[in-house]
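Undergrad: Take a look at the following structure, please.
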Amino acid sequence: MIRVSVVGAKGRMGSHVVEAVNNAEDTQLALALDAGDDLTQIDADNTDVVVEFTVPSVSLNNVLTLIGQGVDIVVGTTGWTDEKLSQVRDAIAQGPKPLTQKVFIAPNFAISAVLADYFAVKAAKYFESAEVIELHHPTKVDAPSGTAIHTARGIAEARKAAGLAPVPDATETDGGSRGQVIDGIHVHAVRLRGLNAHEEVLFGNAGEQLTIRADSFDRTSFMPGVLLAVRKLASDAPAGLTVGLDHFLDL
C-alpha cells in the first residue's frame, strides 16, 4: 500500500483526491491537511507520497517545506514560473535526500489535456499560425492556465526547431483583446459559469485549419492522472524535478 497524504484536502480538487486515494486498491490515506495545518506533521515515517493541491500563492512554500521533510511530492497546483521551478531544484539539492528526492508538477492531470498538448506540439511545425484558447470556471484564480502556458511554450519550441517565422499578425491597435503573448504564441483566457476545464489549440494555413480540443467536464477526470503520478513516484519515477504527465505516459 502506498501511504498518501493530501495537502489542500478540503479544496475542490483536494477533496476529490482524498476520495480517489480512499477508493484505490493500492493507496491509503495517511494525513489530510488543509490551510492552517502544520505540514511538518508529514514525514517519511507516515507518508510515501504527498499530493499538494492548493493555490499558487502558497504552493511554493508548501513544496519547499515538504522537501525539507524528506517526502516525495505530486503537485497539481498551477502558477509555476521558471523562477519557482528553479527554487524547487535548489531545495532538492540542499534537502535531506538530494540524490533520491522526487517532485512531480503537472500543468494538467487529465489524460485528454495531456494528449492534446502532445498532439499540438507534433502539429506545430506544419502550420503558419497558432493560437491557444483556454476556458475555465470563474473561480479559477490564475489566468492563463498553467496548461495553456505549457502548451504555448511547447508550440513555440517546436516552431523554433522547425525554423518557422513568427506567427503573422498585422494588428496595430490592441486593448488586450489579442490575449497574452507567451513565447510568440497568443493565449486567450475565458472565465464562464458552467465551464470546468477546457482548451482549444488553433492552427492555420492558407485555406485550412486544424483545431485540437480537450474538455474536462468534471474534476473526477483528473484522478486517474493523479493516481498514476502517485504510483510512479512510489516506484520508478526518476529522482529530481519532473514537469508534465506526458513523462509518465507511453508517448
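Undergrad: Would you be able to say whether some residue in segment 98-113 is over 30 Å from Ile212 (Cβ atoms) and either within 17 Å of the chain's Cα centre (by Cα) or modelled with pLDDT under 95 (or both)?
TA: yes
Undergrad: Are there any pairs, at least 6 apart or on different chains, whose C-beta atoms fall under 6 Å, with the first in segment 125-136 and more than 11 Å from Val167 (Cβ to Cβ) and the second assigned to a strand (DSSP E or B) and among the small types (Gly, Ala, Ser), and if so, which?
TA: If the second residue must be assigned to a strand (DSSP E or B) and among the small types (Gly, Ala, Ser), the pairs left are Glu134/Ala189; His136/Ala197.
Undergrad: Considering every residue within segment 193-204, establish whether at least one is among the aliphatic types (A, V, I, L, M) and under 30 Å from Gly70 (Cβ atoms).
TA: No, there is no match, as no residue in segment 193-204 is among the aliphatic types (A, V, I, L, M) and under 30 Å from Gly70 (Cβ atoms).
Undergrad: Is it the case that some residue within segment 172-184 is in contact with a helix residue (DSSP H, G or I) (Cβ under 8 Å, 6 or more places away or on another chain), modelled with pLDDT of 95 or more and over 27 Å from Gly225 (Cβ atoms)?
TA: Within segment 172-184 (the criterion being in contact with a helix residue (DSSP H, G or I) (Cβ under 8 Å, 6 or more places away or on another chain), modelled with pLDDT of 95 or more and over 27 Å from Gly225 (Cβ atoms)), the answer is yes, since at least one residue qualifies.
Undergrad: Still on this structure, I have one more. Give the residue, chosen from Lys84, Lys102, that is in contact (Cβ under 8 Å) with a residue 60 or more places away in the chain, in contact with a helix residue (DSSP H, G or I) (Cβ under 7 Å, 6 or more places away or on another chain) and basic (Lys, Arg).
TA: Of the residues listed, the single one that is in contact (Cβ under 8 Å) with a residue 60 or more places away in the chain, in contact with a helix residue (DSSP H, G or I) (Cβ under 7 Å, 6 or more places away or on another chain) and basic (Lys, Arg) is Lys102.
Undergrad: Same structure, new question: State whether one or more residues within segment 125-132 are more than 30 Å from Ala9 (Cα to Cα) and in a loop (DSSP other than H, G, I, E, B).
TA: The answer is yes, given that some residue of segment 125-132 is more than 30 Å from Ala9 (Cα to Cα) and in a loop (DSSP other than H, G, I, E, B).
So that you can scan it fast, the table gives a plain yes or no per residue for (1) polar (S, T, N, Q); (2) farther than 17 Å from His188 by Cβ; (3) assigned by the TED database to the domain that holds Val181:
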site	(1), (2), (3)
Val58	no, yes, no
Gly68	no, yes, no
Val88	no, yes, no
Lys122	no, yes, yes
Ile133	no, no, yes
Pro138	no, no, yes
Ala148	no, no, yes
Arg153	no, no, yes
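Undergrad: Taking segment 20-36 only, how many residues are among the charged types (D, E, K, R) and touching a residue at least 24 places away in the same chain (Cβ under 8 Å)?
TA: Total satisfying the criteria: 2.
Undergrad: Just the residues that are open to solvent by 20 Å² or more (accessible area, probe 1.4 Å) and either touching a Ser or Thr at 6+ places or on another chain (Cβ under 6 Å) or in a helix (DSSP H, G or I) (or both), please, taken from segment 1-19.
TA: Matches in segment 1-19: Ile2, Arg3, Arg12, Met13, Ser15, His16, Val18, Glu19.
Undergrad: Then there is this: Across segment 134-161, which residue is modelled with the lowest pLDDT among those that are hydrophobic (A, V, I, L, M, F, W, C), in contact with a helix residue (DSSP H, G or I) (Cβ under 9 Å, 6 or more places away or on another chain) and open to solvent by 50 Å² or more (accessible area, probe 1.4 Å)?
TA: Per the stated criteria, the residue is Val141.
The values are calculated or read from the model by the stated rules, or taken from the named source; none is laboratory data. The structure presented is a predicted model; accordingly, all values stated were derived computationally and were not measured. Note that we place each Cβ from the backbone using ideal geometry, even for glycine, and neighbour counts take in every protein chain shown. Ligands, DNA and RNA are excluded from the accessible area calculation, which covers all protein heavy atoms including side chains. Shrake-Rupley method; radii C 1.70, N 1.55, O 1.52, S 1.80 Å.
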